[in-house]
There are 2 protein chains.
Amino acid sequence: MAETRRLFLINSHILGSFAFHKKCTALEEYRERGRPLNQRILRDKFLEPLYDDYNHVWELMKEKEDLFNHMHYADLSREGLKERSQRQIMHIYPKCNLNYKSVRENPLHKVGILVGMLCNDITLGTRVIVHACLYIETVQNLGTEKHLDLVKRAYALKDYGCCGMTELGHGSNVAKVETTATYDHSSREFIINSPTPTAAKWWIGAAGKTANMAAIFCQLIVDGTNHGVHAFAVPIRDFETHKPFNGVTLGDCGHKSGLQGIDNGFIFFKNYRVSYDALLDKFSQISPDGKFKSHIKNKEKRFGLMLTGLITGRCAVLFCAEIHQRNALTIAIRYGAVRKQFGGEVERPILDYPVHRYRLMPHLAKDFAANMSMKIIARLYNERIKLIDRDPESPDVTEFHALVSVFKALHGWYNQKAIQECRECCAGHGYSSYAGFAKLRADNDVHMTWEGENWVVIQQTSRWILRAVQSTFKGGAIKSPYLQFINLSSDKPRFSNKEQLKHAEWLISLFEYRCNYYITESLAKLQDNGRIYQDMTVTWNHTQVHYLIDLAKSFGELIQLKEFNNFVNDLTRKCPATGQVIANVMYLFASHVLDQETSSFKTTFDPEQAKWIAETVDELCDEVGENAVKIIDAIAIPDHVIASALGHSDGQVYQRYTQAVENAPGCYDPPSWLNLIHETRKAVNL
Amino acid sequence: MAETRRLFLINSHILGSFAFHKKCTALEEYRERGRPLNQRILRDKFLEPLYDDYNHVWELMKEKEDLFNHMHYADLSREGLKERSQRQIMHIYPKCNLNYKSVRENPLHKVGILVGMLCNDITLGTRVIVHACLYIETVQNLGTEKHLDLVKRAYALKDYGCCGMTELGHGSNVAKVETTATYDHSSREFIINSPTPTAAKWWIGAAGKTANMAAIFCQLIVDGTNHGVHAFAVPIRDFETHKPFNGVTLGDCGHKSGLQGIDNGFIFFKNYRVSYDALLDKFSQISPDGKFKSHIKNKEKRFGLMLTGLITGRCAVLFCAEIHQRNALTIAIRYGAVRKQFGGEVERPILDYPVHRYRLMPHLAKDFAANMSMKIIARLYNERIKLIDRDPESPDVTEFHALVSVFKALHGWYNQKAIQECRECCAGHGYSSYAGFAKLRADNDVHMTWEGENWVVIQQTSRWILRAVQSTFKGGAIKSPYLQFINLSSDKPRFSNKEQLKHAEWLISLFEYRCNYYITESLAKLQDNGRIYQDMTVTWNHTQVHYLIDLAKSFGELIQLKEFNNFVNDLTRKCPATGQVIANVMYLFASHVLDQETSSFKTTFDPEQAKWIAETVDELCDEVGENAVKIIDAIAIPDHVIASALGHSDGQVYQRYTQAVENAPGCYDPPSWLNLIHETRKAVNL
């Protein structure tokens, strides 16, 4: 094959074609444009507080650049991709100081390390997260002193764990999982069973090939009574031989949209006996005389507490979504500055065109907004994670869940739309795998549905908000600082001129009003629907569309805008010029949200006001577009972590792209199926 | 490997787990629900006029079901996928009666056959389209009598052709391609050259591995003068040995987001000499004394005529986008009826939930709308294609281009959003390749940017509309029947009650008003911007966002709605009950368009009216959702063509899905990289 290729190369004089690209200066030229911007200040503010952990991981990646450069990942087999990510884990994990003590002292350190991995490849990060968050935190949060050794073993990778919660038949409604753990008092053991095919634990990361331990969520049956879902830490593979134990069936879930390197697997139990200590017994125990007991009497509340092991994973998802959105924007913005098309004798960069700026800049603004919510979550994380251990029923924990839920969903949606638009903005070349979008989109798509399906998970936020509002009806006060804006009798801020769309305080008051508007509308609709449907759940379900979903989103956007404003104020204090550039990004975020509004709230504006909003969006797209290359340079993650031919900071788009194409297997080879071409001709001309 | 697997199977008692699913009756039960519907009548109306051609291809696929079942396509290598699609071509093409005579008599027959192939796999269809449309129609439309033999050879597959239009550096702006054909009068030959790396012909389907002929678009240089882009039919590979000729470099463009089976390639020319007859000389010739001549004096007009070979491809794209949207909906709707989650002791199908119906039903309605525009294009196709040959400058040809352009873009956008939502609506299992969305999304994504980037191509439609309006300012009359609604002084139809949203005539008049509104707004904005920017092109570019793009879209939606109404009326005549069910789909289409409106047009409604619209959307989603399984059954393409585990008409979702998983390579195998697991442990515990 190598020989054939060499011959083809010579035969076709290829060395005379792509080998000698002239240096392309287009990206440099775009960097000279726009307003002054202190990239150092912006970068530091934007990447805090996790920059050091990220950077530690990125530097490790630099040590073995080939192992983390995914330019040609798509030509590897599924098995090859799993092997590759195992090599990545082997290279990185041992050097990241992840252990019981370090994580206990600073839980956020673990998040930083994991997200650092996700920046490069969601496969890599996820393979470690299922073990280091889902498995370990489930054991730690739901277990007791006696399970601590499992936690320590796991951090040392003596065990590799997976977390068996969802089943083939149950994803969102985990309370209904079918797997049973039946207590056998005679041996003081549990017998785990998957009673039907849909009871198979499914999509379980690490179960397919890697894990020897599993946290398994089962209906706990004692003396014929179902006490609801409980978790068990159980061995599934022999530590030495790695073979599944008798009574445990393990398989790989097969090909997916992306993330082939993760060994998502299924687990099937048949009369599998585990010792009493397998029960993670923080909230429930079985007494020596065989009686079930729990200090949490309410079965539903107990179930809620079982899910606390998911919170870090959900945080990682919302961090990851923001960063990959940024990666997509990095590629599309740099490419847009280099790619020239139309514009007369001398063609212009496509990033100069108003349509192109309109397509990309609002996503850049949303990326900033997502970064703001990421900062909020990062700031709260350490304290709230410790609180989950100490007082899992605290209102502060509930608030944290509500915030994580809305941002998990919002970041996922932002990310999906941004990656798609960025790919389209790179037109034909955006469809090449060497651009990077194929992988970005396929991998990130999973954010829509994992760790809580977005349309389901966001309901936790609207429920939390409405509960707070309802408490005021009973004379209570709203405690959460994030809900202090609630005032159902507030008036819409006067909107008398276009310039108001560039005043942060006015925008915030408008966003507050907007959220209050949705609360009021939702309450009224809930009442109406309650009269129609009687049943509370049915009423709730019928009030999602156009009401509760919009309410949760508008809340998330309000919180993002407020944090964004603090961010801009801080920047401005350090460097007014930089603050001004980023203030425009913030105004774009806000005005674009208003512009894209489709609900009845939009019609509270008149056509003139609507046009002010639209014009402001267009003007700000233009303004931000002019500065986009400098902005993205400041916040982009390093080239070797992104690995895109179109998005490299040196701007040598065509050279890197053609190199990638020529280096791909079989570029110049004749088809191995040449005989079929001849046979096809014969088939037609019989 | 087989041995290992058998052992694992026995060891893990797997035969006792997935092998015995109970028959699932959920889909059957959903089929019983809703209103009466005559599926035969709906199916016939929906699939005309191309059903016979489609069906012919689908039946051929049934003969070799394994060859067309892409359940496990993703485990094939890139080379393997190319080989596979070559086998598919070999099986189908010879049996489809595609030849010069049959296509000349009924051009639409070719479209039907090609779209029949696309239904199953865009790779397959596209590999034939690049040859049978792009190459053949370019040679036929731009060549003369002497080129007829090339056309006949090509239909007989004696030649396999590709169409070398776009280059590495030029996609949308094809007028600027860099490849040159320099006339050498001494030998009466042309010398073709790719003067820079970006001049490489790029993304050329069939150039990578298959084609021996190419239609190449070059700047024609005669006596040092550039006469603009002209096409040449040139041999690129030796017919027998299949080796590229000296002076021609051919390579494969490598890995893409999807469509790995297509050998998109690049072509590089170095002093490649071709005979005079290679010039496709319908519009331009070089006289025996070496002078360039053309009866089309305007260089730009001449360039426009060079692109006529693209029109069938563009039509195929808009047909394909509709069908694959329908495939995605088929999968998601059937899965939604089978999948149960929440709802109390007995869980309910997720398709019962208002949110779920809201997420899916508008896309079903848009699929119907897209089917309507497909019908319009199919109806016009034969006559207009013949006209392109006879009188390429006819206003009817321009009209056809304008219609194809807006629908190409609209169908692409509908398709992208629908597939994404359908995938998300299948939640976790939607991420599995066996669901079918991974392939659907990755393959269909190309519609956004090929055959005319959507945001660029749709500008042809707004330009055509505004030219028609401008002609009236000079006292002319609008000739196109599709533009008779234009009346810039029309009043907005009175909107006094919610029920009007279920009156077709009122909706049409509102959609007409809406398009007139955008025309008026666009004209005013063009005037404003003209004052600001002076330059016509710059003004045009600055008036796209919020104006011209919306104008073109609103025109497309109006035409779809009108055709939809005719469709419903026809149905109603045949079966009033069926007509009523589909009328609701139409009302949903219209009210959803209004609900999602974000422009200043939305603010011409007041909040009460906006709520009528929103409520109507919600009610109709519910109404259509209840009938969705029956509707989709009527219009779905056959199971063996879709090949989805989740979307099969028998509703045995879990059984088919687990079968696919178990049949995937390596499901029960231990990892081939087991040693790395042990090594990783050691690395941590040094």
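What follows draws every value from the coordinates through simple rules; no lab data is involved. Just so it is clear, the structure is predicted and the values come from calculations on it, not from any experiment. In this analysis, Cβ positions are derived from the backbone assuming ideal geometry, glycine residues included, and neighbour counts consider all displayed protein chains.
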message: In whole Å, what are the extents of segment A:562-686 along the principal axes defined by its C-alpha atoms, from largest to smallest?
response: 73, 40, 22
task: Taking each label point as 7 Å beyond Cα in the direction of the beta carbon, state the distances from B:T241 to the same residue in the other copies, shortest first, in nm.
output: 5.8
- prompt: Relative to the other copies, what are the label-point distances for A:I478, with labels 7 Å from Cα along the C-beta vector, expressed in nm at one decimal and sorted shortest first?
  reply: 5.0
message: Please report, for A:V174, the nm distances (one decimal) from its label point, 7 Å out from Cα along the beta-carbon direction, to the equivalent points in the remaining copies, shortest first.
response: 5.3
- prompt: In whole angstrom, how long is each semi-axis of the equivalent ellipsoid of chain A, when you take the square root of 5 times every eigenvalue of its Cα gyration tensor and sort them from largest down?
  reply: 43, 37, 23
- prompt: Which is the longest part of chain A that has none of the GluC sites (Glu not before Pro) sitting in a DSSP loop with at most 13 other Cβ atoms within 10 Å?
  reply: A:394-686
field: Calculated log₁₀ intensity ratio I(q)/I(0) where the Debye formula runs over C-alpha points of segment A:123-165, q = 0.20, 0.26, 0.30, 0.32 Å⁻¹
entry: -0.54, -0.86, -1.07, -1.15
field: Net +/- balance of residues flanking B:P195 in space, Cβ distance below 14 Å, scoring K and R +1, D and E -1
entry: +2
- request: Can you pull the one-decimal nm distance between simple spin-label points at B:N226 and A:R273, each 7 Å off the Cα toward Cβ?
  value: 8.5 nm
message: Per q in 0.04, 0.05 Å⁻¹, report the Debye log10 I(q)/I(0) for the protein assembly as shown, using one uniform scatterer on each alpha carbon and no solvent.
response: -0.23, -0.36
- line: Any aspartates and glutamates whose Cα falls less than 13 Å from that of A:K243, other than same-chain ones fewer than 8 residues away, would be B:D669
field: Charge context of B:D633, other residues only, Cβ under 13 angstrom, K/R +1, D/E -1
entry: +3
- request: Kindly put A:W450, B:W58 in sequence by how many other C-beta atoms sit within 10 Å of each C-beta, fewest to most.
  value: B:W58, A:W450
task: Just tell me the longest site-free run in chain B, where the sites are trypsin sites (Lys or Arg not before Pro) in a DSSP loop having at most 13 other beta-carbon atoms within 10 Å.
output: B:495-686
statement: Of the candidates A:H230, A:Y272, A:G254, the farthest towards the positive dipole end of segment A:161-281 (Lys/Arg Cβ +1, Asp/Glu Cβ -1, centred on the Cα centre) is A:G254
- line: Surrounding charge for B:M374, neighbours by C-beta under 12 angstrom, Lys/Arg +1, Asp/Glu -1, total 0
field: Computed FRET value (nearest 0.05) for B:Y51 with B:D622, which takes r as the C-beta separation and R₀ as 25 Å
entry: 0.20
query: What is the magnitude of the charge dipole of segment A:550-618 about its Cα centre, with +1 placed on the Cβ of each Lys and Arg, -1 on the Cβ of each Asp and Glu, and no other charges, expressed in debye to the nearest 20?
result: 320 debye
query: Toward the positive end of the charge dipole of segment B:493-591, about the Cα centre and with charges on Cβ (Lys, Arg +1; Asp, Glu -1), which of B:M586, B:Q544, B:S509 goes farthest?
result: B:M586
- prompt: Using a simple charge model, +1 on the beta-carbon of Lys and Arg, -1 on the beta-carbon of Asp and Glu, nothing else, what dipole does chain A show about its Cα centre, in debye to the nearest 20?
  reply: 720 debye
- line: Taking a crude spin-label model, label points 7 Å out from Cα along the C-beta direction, the A:R348 to B:D238 distance in nm is 5.0 nm
Cβ-derived FRET efficiency at R0 22 Å, A:D639 paired with A:D44, nearest 0.05: 0.65
message: How high is the relative contact order of segment A:161-281? Use alpha-carbon pairs under 8 Å, at least six apart in sequence, and give a whole percent.
response: 30 percent
message: Restricting to DSSP H runs of at least four residues, report the calculated mean residue ellipticity at 222 nm for chain B, -39500 (n - 2.57) per run over all residues, nearest 500 deg cm²/dmol.
response: -17500 deg cm²/dmol
query: If you count, for every residue in B:262-270, the Cβ atoms of partner chains within 10 Å of its Cβ, what is the mean?
result: 3
- request: Please tell me which of these pairs span more than 25 angstrom C-alpha to C-alpha: B:K110/B:K375; A:K201/A:K256; A:K366/A:K611; A:K201/B:K256?
  value: A:K201/B:K256
- line: Put in order of increasing Cβ neighbours within 10 Å, starting from the fewest, A:T225, B:T543, B:T616 give A:T225, B:T616, B:T543
query: Taking the Cα centre of segment B:499-637 as the origin, how large is its charge dipole in debye, to the nearest 20, when only Lys and Arg (+1) and Asp and Glu (-1) carry charge on their Cβ atoms?
result: 460 debye
task: Calculate the mean, over all residues of peptide B:531-540, of how many other protein chain Cβ atoms lie within 10 angstrom of the residue's Cβ.
output: 1
field: R0 of 35 Å, Cβ-Cβ distance A:D606-A:T572: FRET efficiency to nearest 0.05
entry: 0.60
query: Any idea what diffusion coefficient segment B:499-637 gets from Stokes-Einstein, in µm²/s, Kirkwood Rh on alpha carbon pairs, 25 °C, 0.890 mPa s?
result: 147 µm²/s
field: Alpha-carbon gyration tensor eigenvalues x 5, square-rooted, for segment B:161-296, Å
entry: 26, 16, 12
message: Within a 10 angstrom radius of the beta carbon, how do B:T572, A:T126, A:T249, B:T308 rank from fewest other beta carbons to most?
response: B:T572, B:T308, A:T249, A:T126
message: So the label point goes 7 Å from the Cα of B:E63 along Cα→C-beta, right? Which residues of segment B:70-103 then have their backbone N under 19 Å from it?
response: B:70, B:84-99
